[in-house]
Amino acid sequence: MENMGRKIKELRLRHNLTQEALAESVGVTAQAVSKWETGAGFPDITALPVLSETLGVTLDELFDLTEERHISRIETMLDEGADMSDENYAYARRVLTDGLSKPETRGRCLTMLCDLMLARGDKYYAEAERYAKEALELEPEKKDNHSCYNMAVKGHVWDWCVSNHAEYIDFYKAFIEKNPNYAPGYLWLLDKLIVDGRLTEAREYLERMKRVRDSYHVELYAGWIEEKAGNRQKADELWDKMAEKYPDIWFVYSSRGDNFAKRAEWDKAIAEYKRAFDLQTEKPRYTDNLLSIAQISEIKGDKAAAIEAYKATLELLADDWSLTEGYEVRRIKEKIKALS
């Protein structure tokens, strides 16, 4: 800490800045700068980008922090999701963009930049939803307000030219040709082929995937293809077969729950989600099953069951993920409050 303080003082004097002038540039008090330079304090993370820019050095040069330390910090910050401040976003984007120029960090930084942009997108979507709701309160018959709300909540669009996934499908077809032995690549492709009703192609790629890896996904996706084709009985038979072959995999029952929920067969769906949750023995456990139970309970009008499931979700987030604050926690607490 003391070494960092000496460096701040050295750079400040090199730029002919008083403590007051540096403090004004960074948006802190002169007393804060004095504490930094004596080692009695440390700049807040939100002040780092402006401080380094004012002193004309990179963050690494300023604090002698390794790039790994910066990236690890940002990984923790990404847990904030839509709650990430503008200052932290700017800092994270700067560090990760710098990391793209180095082969040893490029892959990791590309992934984290994607996560960062998605978090920023969630923030804007949430803001857009709020504005759209207020607009609808003010002008309930204005078509643009309804369109804005639908886009903000990523609602369904009936226009085929907007809702089809042709570009996505082409990307994963090319990806599979380059990576033919990577089984999950087929699943990403199959998802959109089935949604778009391109079932002949879906059957072809499912057969190709089976030759790479024969898992519960074979019966699961074969069932989805039959369901999309209108063969509900055949789909159920395939999913029953999946459960018989893989009785100890929680995702099997979670998927069956999803299938029943999409048919609005609520009680069957809840039973599958509960079984899936009970089978999750390895930590950290996922919240999907509990959240699905909560949402279905809301739809059914069973507020008590919904609250119970939401509370269980908060406990899981705290116990398994050490999350007690942030966007997701706040959203669930708001749900509980509204239901109460």
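Points to keep in mind about this one:
- The chain: relative contact order as a whole-number percent, Cα under 8 Å and 6+ apart: 8
- Rounded to the nearest 20, the Cβ-based charge dipole of the range 2-120 about its Cα centre (Lys and Arg +1, Asp and Glu -1) stands at 280 debye.
- Estimated dipole of the chain in Debye, rounded to 20 [Cβ of Lys and Arg +1, of Asp and Glu -1, Cα centre]: 440
- Of the GluC sites (Glu not before Pro) found in the range 234-291, the ones in coil according to DSSP and having at most 16 other Cβ atoms within 10 Å of their Cβ are E265, E282.
- Over the chain: helical MRE at 222 nm, DSSP H runs n ≥ 4 each giving -39500 (n - 2.57), nearest 500: -24000 deg cm²/dmol
- Other residues within the sphere of radius under 12 Å centred on the Cβ of R130, judged by their own Cβ, net out at -2 (K and R +1, D and E -1).
- Ascending count of other beta-carbon atoms within 10 Å, so fewest first, for C109, C148, C114, C161: C161, C114, C148, C109
- When only alpha carbons are used to place a centre, the range 267-340 and the range 90-146 end up 25 Å from one another.
- Projecting the Cα atoms of A264, M209, A229 onto the charge dipole of the range 138-280 (Cβ charges, centred on the Cα centre) puts M209 farthest toward the positive pole.
- Entry for log10 I(q)/I(0) by the Debye sum over Cα atoms at q = 0.07, 0.10, 0.12 Å⁻¹ (calculated from the structure that is shown) out of [x] -0.65, -0.89, -1.03; [y] -0.46, -0.86, -1.12; [z] -0.32, -0.65, -0.91: [y]
- Positive end of the dipole of the range 2-120 (Cβ unit charges, origin at the Cα centre): among T111, I74, T18, the Cα lying farthest that way belongs to T18.
- Summary value for the range 124-229: 18 percent relative contact order, contacts being C-alpha pairs under 8 angstrom separated by 6+ residues.
Quick note: the coordinates plus some simple rules give every number you see, no bench work behind them. The model shown is predicted, which means the values in this text are computed figures rather than measured ones. Here Cβ is always computed from backbone atoms with ideal geometry, including for glycine, and neighbour counts include all displayed protein chains.
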